[in-house]
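The values are calculated or read from the model by the stated rules, or taken from the named source; none is laboratory data. On a predicted model such as this, the values are computed, not experimentally measured, just so you know. In this analysis, Cβ positions are derived from the backbone assuming ideal geometry, glycine residues included, and neighbour counts consider all displayed protein chains.
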Amino acid sequence: MSKHSVTHATFSIDRVYPASPARVFRAFSDPTAKQRWFGTTEGWETKSYALDFRVGGRETCDSIPPGGGVVIAYDARYQDIVPNERIVLSYEMRMGETRMSVSLATMEFKQEAAGTRLIFTEQGAYLDGFDKVEGREEGSRAILETLAKEFEGELASV
Amino acid sequence: MVERLSRGPAAVSELAKPLAMSLSAVMQHLQVLETSGLVRTEKVGRVRTCQIEPVALQTAEHWINERRSLWERRFDQLGDYLAAQDDDPDSK
């Protein structure tokens, strides 16, 4: 159960915003603007957020998920910046002291008639995540409870 | 029962103890869970031990989907942020 494992995966997200590439890019480059949409998630408590937007600069975000307990840390390093066009960063996610993943994230900003197309691509190495007790408890408790209720209903009708 | 199992493997008798259920009702429960692929049981001697099948619950796919929805939520919030800026000419 405690064997080490790594899973590689890639996914991308594609969005179009009715704003110029310069405006969308500024929402990534300006620390105050970025924190407004990146550093806050409903139900989550943001402990700290910092952004040093330059190649080699760091971005960190520590937050506590709903229900409290462990600190989830996002820790990024900017690898490439082309203003209004492209951002490449590497980041890791930690749960407490445990590193959960190391990823490469690329954001491309493309001008279109409707505004700006943002293409986000993540290439990740996901570490040991599936056997961890914390992950199992957090991720599966709700699924389990729902399933258990369903099964109980099933049995009651037997 | 499922909650007890999420903390680690347990013998059937151990699972039945805190429940107001007969051993045969517990076995019936477990059969359903086992058929669903959620629980694996194994008989060693006279003791049948049950454990959660972690593969069924924590597949890589599930975990990576969670990461994807985290970023999707952020980009939704970016859309809201940009829209709010539209209403505030000073911030353009």
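Residues of the stretch A:12-27 include at least one that is in contact with a Ser or Thr (Cβ under 8 Å, 6 or more places away or on another chain), assigned to a loop (DSSP other than H, G, I, E, B) and at the interface with another protein chain (Cβ under 9 Å from one of its Cβ atoms). Summed over the stretch A:23-51, residues that are more than 30 Å from B:GLU61 (Cα to Cα) and loosely packed, with under 13 Cβ neighbours inside 10 Å total 1. On the stretch given as the stretch A:80-101, residues that are in contact with a Ser or Thr (Cβ under 9 Å, 6 or more places away or on another chain), assigned to a strand (DSSP E or B) and surrounded by fewer than 16 Cβ atoms within 10 Å (Cβ to Cβ) total 3. Looking at the structure I just gave you, is A:ALA73 part of a strand (DSSP E or B) and free of Cβ contacts under 8 Å to residues at least 24 places away in the same chain? Yes: the conditions hold for A:ALA73. A:VAL70 satisfies every condition listed in (1) surrounded by 15 or more Cβ atoms within 10 Å (Cβ to Cβ); (2) at pLDDT 90 or above; (3) among the aliphatic types (A, V, I, L, M); (4) more than 22 Å from B:ASP76 (Cα to Cα) except (2). Would you mind stating whether A:PHE53 is part of a helix (DSSP H, G or I) and more than 10 Å from chain B (Cβ to nearest Cβ)? No: the conditions fail for A:PHE53. In the stretch A:28-44, the qualifying residues are those that are of a type in the set (D, E, K, R) and not in a helix (DSSP H, G or I), and the one that is farthest from the other protein chains (Cβ to nearest Cβ) is A:ASP30.
Scanning the stretch A:102-129 for residues that are away from chain B (no Cβ under 14 Å) and in a strand (DSSP E or B) yields A:LYS110, A:GLN111, A:GLU112.
With respect to the stated conditions, A:ASP128 fails to be surrounded by 15 or more Cβ atoms within 10 Å (Cβ to Cβ), among the acidic types (Asp, Glu) and under 20 Å from A:GLY39 (Cα atoms).
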